[in-house]
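For reference, the structure discussed in these notes is given below.
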Amino acid sequence: MGALDAVAGRVAGGTTVEFRPSGSSMVPLIRSRQQVVVAPVDPSTLEVGDIVLARVAGTVHLHLVSSVDPTRKRVQISNNRGHVNGWTSHDRVFGICVSVDGATRSGAVGKTLAADSDAPS
């Protein structure tokens, strides 16, 4: 089980989580070890460009929504370097990134579900 699996479990349980993911697949939107806040999301509100925590083909990613298919209730997930991870159903989208290093992601406004918070006030 990867580090993001534990975070996904907490977010799926209704908790807003603050953590520092590692990797370079989302540069420059998210750099390795930058602090991100991920909150539970209503997947039906997602749009291309949202950063979500989702399981695709068995792996949890903090990646971009690159396409939406509302009829089939699924989204396509990709990194910020052109690699498409694949399609995943709404029930495998756990949360949306609401901030990176304290900077609010405006596209997340109105898409979160009411949640508890592990993020400091």
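The values are calculated or read from the model by the stated rules, or taken from the named source; none is laboratory data. Just so it is clear, the model here is predicted, and its values are computed rather than measured. Cβ placement follows ideal geometry from the backbone for every residue including glycine, while neighbour counts extend to all protein chains displayed. The area values use the complete protein model at the heavy-atom level, side chains included, leaving out ligands, DNA and RNA. Shrake-Rupley method; radii C 1.70, N 1.55, O 1.52, S 1.80 Å.
Heavy atoms only, probe 1.4 Å: what % of the accessible area of the chain goes to carbon and sulfur, would you let me know? The value for the chain is 48 percent carbon and sulfur by accessible area. From the Cα gyration tensor of the stretch 1-44, with a ≥ b ≥ c the square roots of its eigenvalues, which class applies: rounded if a/c is under 1.5, or else prolate if a/b is larger than b/c, or else oblate? Prolate, because a/c is 1.5 or more and a/b exceeds b/c.
Contact order normalised by length for the stretch 49-94, with contacts defined as Cα pairs under 8 Å and 6 or more residues apart; what percent is it?
35
Hydrodynamic radius of the stretch 64-106 by the Kirkwood approach over all distinct alpha-carbon pairs: 11.5 Å.
Between 36, 27, 98, the residue with the greatest mean-square fluctuation in the GNM of the chain (Cα pairs under 10 Å linked by springs) is 27.
Net charge of the neighbourhood of residue 30, taken over other residues with C-beta under 14 Å away and scored Lys/Arg +1, Asp/Glu -1, is +2.
Selection among 106, 53, 88 by position relative to the dipole of the chain gives 88 as farthest towards the positive end (Cβ unit charges, Cα centre). Give me the accessible area of residue 109, 1.4 Å probe, in Å² rounded to the nearest 10. Rounded to the nearest 10, the figure is 110 Å².
Surface exposure of the stretch 6-50, expressed per residue as accessible area with a 1.4 Å probe, stands at 44 Å². Report the relative contact order of the stretch 13-121, percent, no decimals, based on alpha-carbon pairs under 8 angstrom and at least 6 residues apart. Here the relative contact order equals 32 percent. Taking the Cα centre of the chain as origin and assigning +1 to Lys and Arg Cβ atoms and -1 to Asp and Glu Cβ atoms, the resulting dipole is close to 300 debye. Note on residue 100: accessible area is roughly 20 Å² with a 1.4 Å probe, heavy atoms of protein only. Loop-located trypsin sites (Lys or Arg not before Pro) in the stretch 50-102 (DSSP state other than H, G, I, E, B) with a sparse environment of at most 14 neighbouring Cβ atoms within 10 Å: 72, 73, 81.
Does the chain come out rounded, prolate or oblate by the C-alpha gyration tensor, with a ≥ b ≥ c the root eigenvalues, rounded set by a/c under 1.5 and, if not, prolate when a/b is larger than b/c and oblate if not?
It comes out rounded by the Cα gyration axes.
The local environment of residue 8, defined by Cβ-Cβ distances under 11 Å, has a net charge of +2 under the rule Lys, Arg +1 and Asp, Glu -1.
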